[in-house]
1. Among the residues in the stretch 86-98, are any open to solvent by 20 Å² or more (accessible area, probe 1.4 Å) and within 16 Å of ligand 1 (Cβ to nearest atom)?
2. Going through Asp182, Asp242 one at a time, which residue ends up being touching a residue at least 40 places away in the same chain (Cβ under 8 Å), more than 27 Å from Phe126 (Cβ to Cβ) and either open to solvent by 70 Å² or more (accessible area, probe 1.4 Å) or not small (Gly, Ala, Ser) (or both)?
3. Could you give every pair whose Cβ atoms fall below 9 Å, whose first residue belongs to the stretch 261-273 and is touching a residue at least 60 places away in the same chain (Cβ under 8 Å), and whose second residue is assigned to a loop (DSSP other than H, G, I, E, B), counting only separations of at least 6 or pairs across chains?
4. Just for the stretch 202-215: of the residues that are without any contact (Cβ under 8 Å) to a residue 40 or more places away in the chain and not acidic (Asp, Glu), which one is farthest from Pro313 (Cα to Cα)?
5. Would you mind listing the helices (runs of 4 or more DSSP H) fully within the stretch 267-380 where at least 2 residues are closer than 20 Å to Phe236 by Cβ?
6. Return yes when Phe191 is among the aromatic types (Phe, Trp, Tyr), more than 18 Å from the chain's Cα centre (by Cα) and in a helix (DSSP H, G or I) and no when it is not.
7. Please state which of the following conditions Thr199 fails to meet, knowing it meets all the rest: (1) within 14 Å of ligand 2 (Cβ to nearest atom); (2) without any contact (Cβ under 8 Å) to a residue 40 or more places away in the chain.
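The values are calculated or read from the model by the stated rules, or taken from the named source; none is laboratory data. Remember, it's a predicted structure, so these values are computed and weren't measured experimentally. As a convention, Cβ positions derive from the backbone with ideal geometry for all residues, glycine included, and neighbour counts pool all protein chains shown. In case anyone asks, the SASA skips ligands and DNA or RNA and just uses the protein heavy atoms, side chains included. Shrake-Rupley method; radii C 1.70, N 1.55, O 1.52, S 1.80 Å.
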Amino acid sequence: MKLVTIIGARPQIIKAAALSRAIKNHYFNEIQEIIVHTGQHYDENMSQVFFDELQIPRPDYNLHVGSASHGIQTARMTEGIEDILIKEQPDFIVLYGDTNSTLSGAVAAAKIHVPIVHIEAGLRSFNKAMPEEINRIVCDHCSTLLFTPTNAGLVNLKREGFPMDNDAPYTIDNPKVWHCGDIMYDNSLHFADIAEAKTDIIERLNLKNKPFVLATIHRDSNTDHPERLGAIFSAFIQMAADRPIVLPLHPRTAKLLKTNLPPEIQERFAATSNIIITPPVSFLEMIALERNAMLVATDSGGVQKEAYFFKKPCIIMRPETEWVEIVETGNAVLADADENRIMQAWQRFRANQPHDFPEIFGDGHAAEFMLEKIISSKVL
Ligand code: UD1
Ligand code: UDP
């Protein structure tokens, strides 16, 4: 069986590590995986570092599309992916999540009848102003095999009319949905102890035995709006009066901070010594930070989940989340870019660290489950 896997943005590279590892360990003789990097993320610390650290095979192709508007970026990727699919003639294309790389893979493959496997299917924010919401809906509705990481994902697909009892052979018009758990959970479990042994970031940042907050911000809905960015940073400045905050900065945020952070907040921010800004860190470093933090504050999808995996409370700087279960269990709070709500959540979690984190992301073996289903779904 031949799979073409599309990756492009940081979280997809990380997710792909779990599938490639499971192929190597269990299906080495049965599956040939061709990896296509669209080049959506390209800085060393947004891409190459993960290949080196997580032992992901080198991409067979790199489209080098780089950054551009949505239309230009997706058009370039679609063109490049189509060429590769025609040349490689895979049994399936594997797409992760909801980025522009996902959308391009879906459009390219569906039009030339290459069946799509969508990993992280069914998630919805119910906010179509997010580019990711458009990407996920299109990808799900072009897919043949859909793997949902959470029960909410399954429920969303049912609501959108996906039948749950289709029989093989599966096609784009007769798709199959499986609920299998979260592939990111596979990675977090696999790398947790390795991260502690192989990184020294906690010592390097002088955080040993110090309760600290880990924060990330990169959503366009936050970075591109001075009012929202200002409210989030104003809250960070207040929190930093109490505890150090580590903030590995996504390149998008690093660029826009200079222009979009209101001058008054800019000044207060410059006068705050307790916010440690770093370039994007490696995945092992990120896991070490998540494991040792007292609380996570983020607008990232992946980071809010990883907070949960490591049993840390999370303040989500978004109005809604696709990962509704972590809010429903009381372990995360949707604070949006609202300074008061962020501070209320901070006070609450500072006083009471939650302890009950039910297993909602599967058993850490989602990749093996998916590969078994993909193999048995091949149309002979
Ligand atoms: C993308 C995804 C988002 C995902 C995020 C993960 C889309 C629409 N968005 O957002 O869903 O959560 O990746 O991190 O696909 N840049 C660099 N170096 C890089 C990459 C980006 O400097 O290696 C800068 C460029 O200025 C670029 C900006 O970051 O314009 C945004 O990059 P882009 O890939 O378009 O979107 P993200 O915000 O990273
Ligand atoms: N991550 C990382 N280094 C960082 C920030 C995040 O390795 O400096 C990892 C994080 O642990 C998670 C993934 O990147 O696995 C999340 O990616 P991101 O926040 O960029 O995107 P999202 O998940 O929101 O799409």
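1. Among the residues of the stretch 86-98, at least one is open to solvent by 20 Å² or more (accessible area, probe 1.4 Å) and within 16 Å of ligand 1 (Cβ to nearest atom), which makes the answer yes.
2. Testing whether each residue is touching a residue at least 40 places away in the same chain (Cβ under 8 Å), more than 27 Å from Phe126 (Cβ to Cβ) and either open to solvent by 70 Å² or more (accessible area, probe 1.4 Å) or not small (Gly, Ala, Ser) (or both) leaves just Asp242.
3. none
4. Ranking the qualifying residues of the stretch 202-215, first place goes to Arg204.
5. Working: elements: 283-292, 301-309, 324-328, 339-351, 366-376.
Passing ranges, in order: 283-292, 301-309, 339-351.
6. no
7. Of the numbered conditions (1) within 14 Å of ligand 2 (Cβ to nearest atom); (2) without any contact (Cβ under 8 Å) to a residue 40 or more places away in the chain, the odd one out for Thr199 is (2).
Residues checked against (1) within 16 Å of ligand 1 (Cβ to nearest atom); (2) among the aromatic types (Phe, Trp, Tyr); (3) assigned to a helix (DSSP H, G or I):
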residue	(1), (2), (3)
Arg21	no, no, yes
Asn29	no, no, no
Glu33	no, no, no
Phe51	yes, yes, yes
